[in-house]
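**Student:** Please read through the structure below; I'll follow up with questions.
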Amino acid sequence: MKVKTENLPLIIANVIPHRMQRYDTLGDWYMISGVQHFAVSRSTADEEFQILIHEMVEWYFCQRDGISQEEVDKWDMDHPDLDDPGSHPDCPYYKQHLFAMEIERRIREEDKCQQA
């Protein structure tokens, strides 16, 4: 189910120490009082950017496709045994996660080309 979105909400992105994540993840997204937050674990600037873009793409397509933050959080937090819960085929946001992974991969490849 596609959800029509008129405008994006106010967006705040933070790079934080990994220990401050809500759970064991490199990137996270959540809404507080109508403000969309993104939290990325501190790393290198390139990796932080890649993860931030992944999270933003995943969030946008989840909300557009009617997949709630609560569904994503529940899946992720119910599956601490999985290295990457979003990559499991039963994951409710599997397609959105894989698309975000592809964007992240392409950014990583571009970074490698620039360094060569």
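Condition check ((1) in contact with a Gly (Cβ under 7 Å, 6 or more places away or on another chain); (2) charged (D, E, K, R); (3) under 23 Å from P80 (Cα atoms)) across all residues:
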| site | (1), (2), (3) |
| --- | --- |
| P9 | yes, no, no |
| I12 | no, no, no |
| P17 | no, no, yes |
| Q21 | no, no, yes |
| F49 | no, no, no |
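**Student:** Determine if the range 49-63 includes at least one residue that is exposed (fewer than 13 other Cβ atoms within 10 Å of the Cβ) and not in a loop (DSSP other than H, G, I, E, B).
**Tutor:** no
**Student:** Identify, please: which residue in the range 23-42 is free of Cβ contacts under 8 Å to residues at least 40 places away in the same chain, assigned to a loop (DSSP other than H, G, I, E, B) and under 16 Å from the mean Cα position of the chain (by Cα) and is, among those, nearest to E102 (Cα to Cα)?
**Tutor:** L26
**Student:** Here's another thing I want to ask about it. Would you confirm whether any residue within the range 6-18 is touching a residue at least 24 places away in the same chain (Cβ under 8 Å), in contact with a strand residue (DSSP E or B) (Cβ under 7 Å, 6 or more places away or on another chain) and part of a helix (DSSP H, G or I)?
**Tutor:** yes
**Student:** Which ones in the range 76-87 are surrounded by 12 or more Cβ atoms within 10 Å (Cβ to Cβ) and out of contact with any Phe, Trp or Tyr (no Cβ under 7 Å at 6 or more places or on another chain)?
**Tutor:** Answer for the range 76-87, where residues must be surrounded by 12 or more Cβ atoms within 10 Å (Cβ to Cβ) and out of contact with any Phe, Trp or Tyr (no Cβ under 7 Å at 6 or more places or on another chain): H79, L82, D84, S87.
**Student:** Do you know which residues across the range 36-77 are under 20 Å from P92 (Cα atoms) and of a type in the set (S, T, Y)?
**Tutor:** Y60, S68
**Student:** Go through the range 3-53 and give me each residue that's at pLDDT 95 or above and aromatic (F, W, Y).
**Tutor:** Within the range 3-53, W29, Y30, F38, F49 meet the criteria.
The values are calculated or read from the model by the stated rules, or taken from the named source; none is laboratory data. This is a predicted model, so every value here is computed, not measured. Glycine gets a Cβ as well: all are built from the backbone with ideal geometry, and neighbour counts include every protein chain shown.
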